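So the structure is just underneath, and the comments pick up after that.
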Amino acid sequence: MNMALNNDQMKFFADFVEEKLGIIYVKDNYYQLEKRLVDIATQLNLASSDELWQKAQGGIFGQMKMLLLDLATNNETSFFRDPGLFKTIEDKILTEPRFSGDNPQPLRIWCCATSTGQEVYTMAIILNAWQRHNPKRTFSFLATDYSQRVLAQAEAGRYSQLEVQRGLPATMLVRFFHNESSGEASASHSPAWMVNDALKKNITFRQQNLLENFGYVGPFDIVMCRNVLIYQNVENKRKIIAELAKKISPDGYFIMGAAESLTGLSDEFELREFDRSVVYQKKASFQ
Ligand SMILES: C[S@@+](CC[C@H](N)C(=O)[O-])C[C@H]1O[C@@H](n2cnc3c(N)ncnc32)[C@H](O)[C@@H]1O
């Protein structure tokens, strides 16, 4: 398959991705996007990425749009990614008095770039332990992502051996997952680990582009927004954070990836440092 689009042709696709999703492909990363364009051309039965480009001159819509935006996303994730953060959530945040006792309000958490679901299932494992200490409390998760491809895996809760080996302790694997029976496996589907229904039952999965209106959701006690804003320009980061802040309840938490920070992006949150990680808490003046 031909892999030789010129910079102008690549810019045409990169601009479309940036306009719709905010994800920026700089020239140095065009080679990553082009590999994805080759995949899309194959899926659309086109002979080359050049033929894809020619077809795209008539407009990018329908299946081409769906494939282009979906495959332009980077979906890297793993169970207990940044383990110190999850320890902080478990030991410092969920032990706060308002999250304990018999408050009838459910604890509400939004994973707004959940990818293939490892993040939300990690949180569900932690909340499962929390609920054992707080048997009268309930919780619910909203797990969203733009990519329907990764959401389908998240909702199925189906992981390869390699995926569960990345971060999931064996004791938790045995407790919260079951092995897909060989009857369910097929030539295209090797046997895998399936999340137990008990862990899934409090999670709602939904497609959501963070650049589009999400006024219908919330409020949440915790919003996890990890490793997604790094792909956005500063203006989009500010806009998304301001919208997410409106969805966080008084004193609620905003949690970013280990290499991310709110510095210069928002003054609505207080930085809270723990020995293992940092999180952001909504300031009283913005409640
Ligand atoms: C690198 S993954 C992060 C997964 C997880 N939060 C973690 O930290 O392990 C980034 C995810 O953000 C999603 N994403 C990118 N741009 C988005 C947008 N504009 N709206 C919603 N999701 C988006 C991608 O589809 C991808 O699954």
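Every read-out reported here was derived from the displayed coordinates using simple, explicitly stated rules and does not represent laboratory data. Everything numeric in this text was worked out from a predicted model, so none of it was measured. Cβ: placed from backbone, ideal geometry, glycine included. Neighbour counts: every protein chain shown.
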Mind checking the angle between helix 30-43 and the chain's longest principal axis? C-alpha axes, 0 to 90 degrees, to the nearest 10.
80 degrees
Considering only the other residues whose Cβ falls under 15 Å of the Cβ of ALA129, what net charge follows from Lys and Arg at +1 and Asp and Glu at -1?
+3
Roughly what angle does helix 7-21 make with the longest principal axis of the chain, taking Cα atoms, 0 to 90 degrees, to the nearest 10?
30 degrees
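Show me 203-214, 153-164, 129-140, 103-114 ranked by packing, highest mean number of other Cβ atoms within 10 Å first.
Working: 203-214: 16.0, 153-164: 17.9, 129-140: 14.2, 103-114: 20.3.
Ranking, from highest mean packing down: 103-114, 153-164, 203-214, 129-140.
Tally Lys/Arg at +1 and Asp/Glu at -1 over every other residue whose Cβ is under 15 Å from the Cβ of ASN213; what's the total? Before the final figure, lay out the partial values.
Numbers: positive: LYS20, ARG206, LYS239, LYS246, LYS247; negative: GLU212, GLU243.
Result for the local shell: +3.
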Angle, helix 62-71 long axis vs. longest principal axis of the chain, Cα atoms, 0 to 90°, nearest 10?
60 degrees
If one computes the Cα centroid of segment 115-155 and of segment 237-287, what distance in Å separates the two points?
20 Å
Proximal lysine pairs in segment 7-71, meaning Cα under 17 Å and 8 or more positions apart or interchain, come to 9
Can you tell me the dipole magnitude for the chain around its Cα centre, using point charges on the Cβ only (Lys, Arg +1; Asp, Glu -1), in Debye to the nearest 20?
700 debye
So how far, in whole Å, is the C-alpha centre of segment 214-236 from the one of segment 36-96?
17 Å
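Can you give the local net charge around ALA4? Use residues other than it whose beta-carbon is closer than 11 angstrom to its beta-carbon, Lys and Arg +1, Asp and Glu -1.
Working: positive: none; negative: GLU34, ASP50.
My count for the surroundings of ALA4 gives -2.
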